[in-house]
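Since the structure comes first, as structure tokens, the remarks are kept for the end.
The values are calculated or read from the model by the stated rules, or taken from the named source; none is laboratory data. Worth saying up front: this structure is predicted, and the values here are computed from it rather than measured. So basically every Cβ, Gly included, is an ideal-geometry build from the backbone, and we count neighbours across all protein chains shown. Ligands, DNA and RNA are stripped out before the accessible areas are found, and what is left, the full protein with its side chains, is counted by its heavy atoms. Shrake-Rupley method; radii C 1.70, N 1.55, O 1.52, S 1.80 Å.
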Amino acid sequence: MRAVFLDFGSGSRGDMDCTALEQAISPWRYYQDSSEQEVLERIKEAEIIVNNKVFLNREAIFAANRLKLICIAATGFNNVDLSAAAERNIPVCNVRGYATSSVVQHVLMLMLNLSCRFLEYQALVKSGGWQASKYFCPLDFSIEELSGKTLGIIGYGELGRGVAKVAEAFGMNVLIAEHKNKPARSGRTAFDEVIGQADFITLHCPLSPETRNLISRRELELMKPTAYLINTARGGLLNEKDLLHSLSTNSIAGAGIDVLQEEPPAKDSMILQYQLPNLIVTPHIAWASRESRQRLLDQIAENINNFFQNKPFNQVGIT
């Protein structure tokens, strides 16, 4: 066994083509998931380790005697002890830009579902409300167009730029938020101004000590009561308790979130207990189109090929 994928099931439902991986190195061992106890045994002879959510700690990295490369099947790299990898001179690489189209699509899907009142109209049809209507077109819930609305983007990297491009195609006015508590640079708008002016706000920044609870009660109270909040980035960016308060009191119009502070959530999660249709929750799937997941595997294979050919390979952590 030269290569091992510790949690292949996190990105495949049996619909992935592993040809590129097999051509890059072989043989492979694919595990659907790996517990902390199973990791040490499964990696001890591996030259290449691929992991998505499974954590590679110091003990694991030093136990893999033949290890040459760690490939993270994601962009974030907080699931590898980079210090330990550096001490062993083991390079670590990630994948980048593979999920842009999928995430952009998901953001617009959430925006459209909220503005078109999709959940309410689906419930109306299923409950017989349309069938009992006096009119061919029941107007129980007010529908809004995206055209002419202002979209505030917080985090203007690859994903933020992708959302901006599609939003402009819908006829939206796009505001790019400056970092919180920083003076606005050219082409950016002050953070609080974006929060207060936007009809939709979408988050695309990484989670860090500076961005944790970036959107809490203060920011939610600055938003228009007609505004919507979208979060497909990281759950920790948003204070969930404050969000539920704003939704239940109609301080904002609604929210669409794909990420939670705890994932998978507990059965008694306060977010999942909320029943009103002004909140849409999806299970961290914005990135997960079949095409996106295939690009992820193919980029891992490309990283491996480039590593063996002494070419750049998305290295992180050590230089």
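For segment 137-214, what Kirkwood radius comes out of the mean inverse Cα-Cα distance, in Å? It is 13.5 Å. Extension gain for the segment His245 to Asn310, taken as residue separation times 0.36 nm less the Cα-Cα distance, is 18.1 nm to one decimal. With a Förster radius of 51 Å applied to the C-beta separation of Arg58 and Val125, the computed FRET efficiency comes to 0.35.
Per residue, the accessible area of the chain comes to 51 Å², computed with a 1.4 Å probe over protein heavy atoms only. Secondary structure note: in the chain, about 5% of the DSSP beta bridges are antiparallel.
The string of couplings for segment 241-250 from the Karplus curve (6.51, -1.76, 1.60, θ = phi - 60°) is 4, 5, 4, 4, 4, 5, 5, 6, 9, 6 Hz, one whole number per residue in order, with x for Gly and Pro.
Across segment 219-290, the convex hull enclosing all Cα atoms gives 92 Å³ per residue.
Extension gain for Ala132-Ser147 works out to 2.2 nm (0.36 nm per residue, less the C-alpha to C-alpha distance).
Sorting 91-99, 296-304, 139-147 by average packing, meaning the other beta carbons within 10 Å per residue, from highest down gives 296-304, 91-99, 139-147. Working note: Karplus 6.51/-1.76/1.60 with θ = phi - 60° gives segment 123-131 the couplings 5, 4, 5, 5, 8, x, x, 5, 4 Hz, where Gly and Pro are set to x.
Scanning residues 5 or more positions from Ala255 or on other chains, those with amide H under 5 Å from its amide H are Leu229, Leu279, Ile280, with H placed 1.01 Å from N in the peptide plane. Treating r as the C-beta distance of Tyr30 and Leu272 and R0 as 30 Å, the FRET efficiency rounds to 0.45. Sorted on the mean count of surrounding Cβ atoms within 10 Å across their residues, most packed first, peptides 288-295, 256-263 read 256-263, 288-295. With the helix formula -39500 (n - 2.57) applied to DSSP H stretches of n ≥ 4, the chain reaches a computed 222 nm mean residue ellipticity of -9500 deg cm²/dmol.
I'd like the FRET efficiency for Lys180 and Glu262, computed as 1/(1 + (r/R0)^6) with the beta carbon distance as r and R0 of 25 Å, rounded to 0.05. For Lys180 and Glu262, the calculated efficiency is 0.55. If every alpha-carbon in the chain counts as one equal scatterer, what log10 I(q)/I(0) does Debye give at q = 0.07, 0.10, 0.12 1/Å? Those come out to -0.34, -0.67, -0.90, one per q.
Positive-end ranking of Asn231, Ala190, Ala288 along the dipole of the chain, with charges on Cβ about the Cα centre, is headed by Ala190. For segment 258-271, backbone phi angles converted through the Karplus equation (6.51, -1.76, 1.60; θ = phi - 60°) give residue-by-residue couplings of 10, 9, 10, 5, 10, 9, x, x, 5, 4, 9, 3, 5, 5 Hz, Gly and Pro being listed as x. A straight line joining the Cα centroids of segment 37-93 and segment 216-277 runs 35 Å. When the solvent-accessible area of the chain is split by element, carbon and sulfur atoms take up 51 percent of it, the probe being 1.4 Å. A cut-off of 5 Å between modelled amide H atoms, ignoring neighbours fewer than 5 places along the same chain, links Ala74 with Val95. Placing Tyr156, Tyr121 in order of accessible area, with the largest value first and a 1.4 Å probe, yields Tyr156, Tyr121.
With each label modelled as a point 7 angstrom along the Cα→C-beta vector, the Arg13-Asn213 pair spans 3.6 nm.
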